[in-house]
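The values are calculated or read from the model by the stated rules, or taken from the named source; none is laboratory data. All values derive from a computational prediction rather than experimental measurement. In this analysis, Cβ positions are derived from the backbone assuming ideal geometry, glycine residues included, and neighbour counts consider all displayed protein chains.
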Amino acid sequence: MKFITANFDQYDGKDIQAYIGLDGFSGLKKAIEMGPLATIEEVKESGLQGRGGAEYPTGRKIEQARIEKAERKFVICNADEGEPGTFKDRELIKKDIYQLIEGMIIVAYCANANEGVIYCREEYDWMHEHICTSILKCKEMGYLGDNILDTGFSFEISLFSGAGSYVCGEGFAMCESMEGKSGRPRSKPPYVKQEGYLNYPTLVINVETLSAITAIMKFGTSNFTDLGTPDCPGTKVISISGKVNKPGVYEVPFGKTLEEIIALAEGVKGDKRIGFVQIGGASGGILPESALKTQFTYRELKSKQVSVGSGAIVVADEDDNILDYLENVGQFFIHESCGKCVPCREGNRQLEILLGKFKHKTATIDDVKMYKDILDMMSEASLCGSGRTEPVPFKTAFTYFEDAFALGGSHEIL
Amino acid sequence: MVETRVIDGILGAYQNDAVNLLQILLKVQSVEPKNYVSEEVAMYVANHLDIPISRVYEVVTYFAALSHKPQGKHVIQICNTTVCQLNGFNEVLKWFKDALKINPGETTADGLFSMKLTPCIGACDISPAIKIGTNVYGNLTKEKVEEILSELRGAIS
Ligand SMILES: Cc1cc2nc3c(=O)[nH]c(=O)nc-3n(C[C@H](O)[C@H](O)[C@H](O)COP(=O)(O)O)c2cc1C
Ligand code: SF4
Ligand code: FES
């Protein structure tokens with residue numbers, strides 16, 4: 001299934017003439033023909049929701065950006081891709097960066113923003129030159145710069161490199177880091193869309209969302225909504241990794257079951273059974289093999305306390321230990337917590353201690369209560385989405401893998 | 001410290017504007033032979049951007065990609081998050097420890113290699129993976145690790 005990834009391997013990802021040969025920039029031309037308002041309606045119609053994890057309706061997001069009045073307005077492409085297990089934005093940049101840039105131009109044109117930034121993670125520094133060169137080529141061809149395609153609209157894009165901080169994928173933390181400060185989230189309101197980078201209205205939008213906008217404008221909304229399910233239209237670009245035979249990036253229509261998606265990666269290595277899967281990155285939910293009949297849609301996943309998140313699926317086999325895995329997830333968050341708020345900073349440390357007790361089978365009933373309380377406190381009282389979503393893997397693991405959390409000492413039967 | 005005119009060049013490319021501090025420090029570190037932002041450099045940058053040195057250190061110490069301590073010529077970043085953990089991070093770490101006789105966070109006596117643990121580098125499809133400079137290496141085996149190290153050693157002499 002190829003919609004967002006239709007151009008993959010059709011050209012080398014670098015040659016702009018080849019991209020144009022594949023009908024490149026026809027989405028932008030259509031947007032210009034239709035005008036900003038009708039284009040925004042088109043994106044709304046497509047049902048596209050943000051692919052960066054927050055699932056916000058993209059059409060509405062662009063509309064809100066358009067309404068903001070300010071001297072300067074920014075569109076930031078979020079290419080920070082920091083959720084462990086996620087590498088689909090990498091492929092979208094590597095194999096079809098012009099589609100991404102075209103999406104940025106369409107969004108900026110609709111939102112009436114003149115300055116764009118691609119915020120790319122430092123770990124992808126090997127692609128930074130590719131990004132800069134591609135921006136320059138678009139400029140040479142007149143798709144960026146002043147008076148784009150005789151519209152009177154001007155738009156420039158520059159590259160900003162992250163520096164190895166997961167939290168900088170969050171809008172405000174990203175703005176802070178771009179302002180030469182340590183990347184810690186600010187409290188809201190005001191929101192990034194109102195007072196973001198340099199306190200100007202800023203639209204932060206994910207690589208895949210932008211790429212999807214171009215594809216929708218190019219192929220038409222109905223071709224997008226024909227895919228997927230009625231309540232969850234279109235396709236999703238998924239990163240599958242872990243104990244599978246063919247890890248990689250796969251575009252799938254919404255509504256396929258998890259099992260079907262994992263089958264694309266040719267199943268589990270070494271004739272083993274699936275032990276568990278984590279969906280949506282390190283902050284995503286963990287499900288047992290018995291839940292793999294679940295359809296991959298926003299709603300169906302939610303019914304299992306899981307969300308689409310970054311669109312990563314990490315597969316573990318029957319020999320992998322869920323508590324070791326959780327411990328690893330916890331260590332990631334200890335490492336990445338920016339330390340600004342107490343629930344996340346301290347909650348993480350307590351979780352580590354409690355996990356240790358579960359692992360060594362010394363947990364008491366009070367520890368279980370503490371485990372739940374800390375997770376609730378983190379999801380409700382943390383300042384940013386990092387601390388708020390981090391409890392998801394810990395809660396879902398607790399729900400679906402009861403045995404692993406057995407109490408220690410006299411409670412132990414057998 | 002590298003020649004001041006190199007740093008001046010970097011500062012100039014970023015309009016001597018403190019808003020660009022993070023990009024400036026990344027660039028400055030990349031031209032430093034020991035891959036770090038020394039106190040001398042931090043002071044120089046702070047003075048030229050007209051900001052307190054504490055502001056420079058706030059940024060250098062916050063971001064994992066920046067270091068205020070000297071590092072080896074090659075910084076080996078070993079991914080230790082979820083997918084790599086499932087796919088053999090522990091072994092990869094052991095291979096490097098055995099070959100280099102150092103622990104994560106340390107530098108070899110000859111100053112050639114530093115070893116660092118890092119969260120996901122977005123190479124989970126070729127996990128277990130590591131990154132050295134701008135090169136990503138995946139599907140690691142013991143032989144591959146030895147090959148990588150001898151290649152990097154060879155490139156020096
Ligand atoms: C801690 C944290 C990390 C995030 N990392 C990313 C990221 O790497 N890439 C991304 O697109 N969105 C990330 N987000 C979500 C962004 O804040 C934002 O919602 C998103 O980029 C908006 O784009 P979208 O509407 O296209 O999804 C992160 C959020 C949080 C709280
Ligand atoms: S939730 Fe964590 S990462 Fe977010 S602001 Fe609080 S301490 Fe920082
Ligand atoms: S988890 Fe190691 S590269 Fe992604």
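List pairs: first residue in the range A:34-63 and hydroxyl-bearing (Ser, Thr, Tyr), second residue assigned to a strand (DSSP E or B) anywhere in the structure, Cβ distance under 9 angstrom, at least six positions apart or on different chains.
What qualifies is A:Ser46/A:Pro233; A:Tyr56/A:Gln49; A:Thr58/A:Gln49; A:Thr58/A:Ile205.
Scan (1) farther than 29 Å from A:Glu318 by Cβ; (2) more than 9 Å from chain A (Cβ to nearest Cβ) for the single condition B:Thr141 breaks and write down its number.
(1)
Do the conditions hold for B:Gln85, that is, is it away from ligand 1 (no atom under 16 Å from the Cβ), closer than 23 Å to B:Glu151 by Cβ, crowded, with 22+ Cβ neighbours inside 10 Å and of a type outside the set (Gly, Ala, Ser)?
For B:Gln85, the condition - away from ligand 1 (no atom under 16 Å from the Cβ), closer than 23 Å to B:Glu151 by Cβ, crowded, with 22+ Cβ neighbours inside 10 Å and of a type outside the set (Gly, Ala, Ser) - is not met.
Restricting the search to the range A:190-204, which residues are under 17 Å from A:Ser386 (Cα atoms) and either touching a Lys or Arg at 6+ places or on another chain (Cβ under 8 Å) or not aromatic (Phe, Trp, Tyr) (or both)?
Once the filter is applied, which keeps residues that are under 17 Å from A:Ser386 (Cα atoms) and either touching a Lys or Arg at 6+ places or on another chain (Cβ under 8 Å) or not aromatic (Phe, Trp, Tyr) (or both), the range A:190-204 yields A:Val192, A:Val204.
Since A:Val249 meets every condition but one in (1) within 16 Å of ligand 1 (Cβ to nearest atom); (2) under 30 Å from A:His360 (Cβ atoms); (3) among the aliphatic types (A, V, I, L, M), which condition does it not meet?
Answer for A:Val249: the failing condition is (2).
Taking the criterion of being crowded, with 24+ Cβ neighbours inside 10 Å, in contact with a helix residue (DSSP H, G or I) (Cβ under 6 Å, 6 or more places away or on another chain) and at positive phi, would at least one residue in the range A:84-98 satisfy it?
yes
Mind listing whichever residues of the range B:38-63 are more than 13 Å from chain A (Cβ to nearest Cβ) and closer than 17 Å to B:Val2 by Cβ?
Across the range B:38-63, the qualifying residues are B:Ser38, B:Glu39, B:Glu40, B:Val41, B:Ala42, B:Met43, B:Tyr44, B:Asn47, B:His48.
Against the condition at the interface with another protein chain (Cβ under 10 Å from one of its Cβ atoms), touching a residue at least 24 places away in the same chain (Cβ under 8 Å), of a type in the set (A, V, I, L, M) and more than 30 Å from A:Arg184 (Cβ to Cβ), how does B:Leu66 come out, does it pass?
no
Go through (1) more than 26 Å from the chain's Cα centre (by Cα); (2) in contact (Cβ under 8 Å) with a residue 24 or more places away in the chain and name the single condition A:Lys139 misses.
(2)
When the residues of the range B:106-140 are narrowed to those that are without any contact (Cβ under 8 Å) to a residue 12 or more places away in the chain and out of contact with any Asp or Glu (no Cβ under 9 Å at 6 or more places or on another chain), which ends up surrounded by the fewest Cβ atoms within 10 Å (Cβ to Cβ)?
B:Ala109
Looking only at residues that are out of contact with any helix residue (DSSP H, G or I) (no Cβ under 9 Å at 6 or more places or on another chain) and of a type in the set (A, V, I, L, M) in the range A:242-295, which one is farthest from the other protein chains (Cβ to nearest Cβ)?
So the residue we want is A:Ala263.
Consider B:Ala46 against the criteria (1) buried (at least 19 other Cβ atoms within 10 Å of the Cβ); (2) aliphatic (A, V, I, L, M); (3) free of Cβ contacts under 8 Å to residues at least 12 places away in the same chain: it satisfies all of them except one. Which criterion is unmet?
Every condition holds for B:Ala46 apart from (1).
Show the residue pairs meeting these rules: Cβ distance below 8 Å; 6+ apart or different chains; first residue within the range A:379-391 and within 15 Å of A:Cys338 (Cβ to Cβ) and free of Cβ contacts under 8 Å to residues at least 60 places away in the same chain; second residue near ligand 1 (Cβ under 9 Å from one of its atoms) and of a type outside the set (Asp, Glu).
Short answer, once both residue conditions are applied: A:Ser382/A:Arg388.
Please go through the range B:88-98 and pick out each residue that is buried (at least 20 other Cβ atoms within 10 Å of the Cβ) and within 13 Å of chain A (Cβ to nearest Cβ).
The one that is buried (at least 20 other Cβ atoms within 10 Å of the Cβ) and within 13 Å of chain A (Cβ to nearest Cβ): B:Phe89.
Which condition number does B:Val136 fail, the rest of (1) under 25 Å from A:Gly82 (Cα atoms); (2) more than 14 Å from chain A (Cβ to nearest Cβ) being met?
(2)
Check off (1) within 16 Å of ligand 2 (Cβ to nearest atom); (2) more than 30 Å from B:Val59 (Cα to Cα); (3) within 14 Å of chain B (Cβ to nearest Cβ) for A:Ser337 and give me the number that stays unchecked.
All conditions are met except number (2).
So how many residues does the range A:164-202 have that are in a loop (DSSP other than H, G, I, E, B) and either surrounded by fewer than 24 Cβ atoms within 10 Å (Cβ to Cβ) or more than 10 Å from chain B (Cβ to nearest Cβ) (or both)?
Selection size over the range A:164-202: 17.
When you scan the range A:126-149, do you find a residue that is buried (at least 24 other Cβ atoms within 10 Å of the Cβ), modelled with pLDDT of 95 or more, touching a strand residue (DSSP E or B) at 6+ places or on another chain (Cβ under 6 Å) and of a type outside the set (Ser, Thr, Tyr), even just one?
No, the range A:126-149 contains no residue that is buried (at least 24 other Cβ atoms within 10 Å of the Cβ), modelled with pLDDT of 95 or more, touching a strand residue (DSSP E or B) at 6+ places or on another chain (Cβ under 6 Å) and of a type outside the set (Ser, Thr, Tyr).
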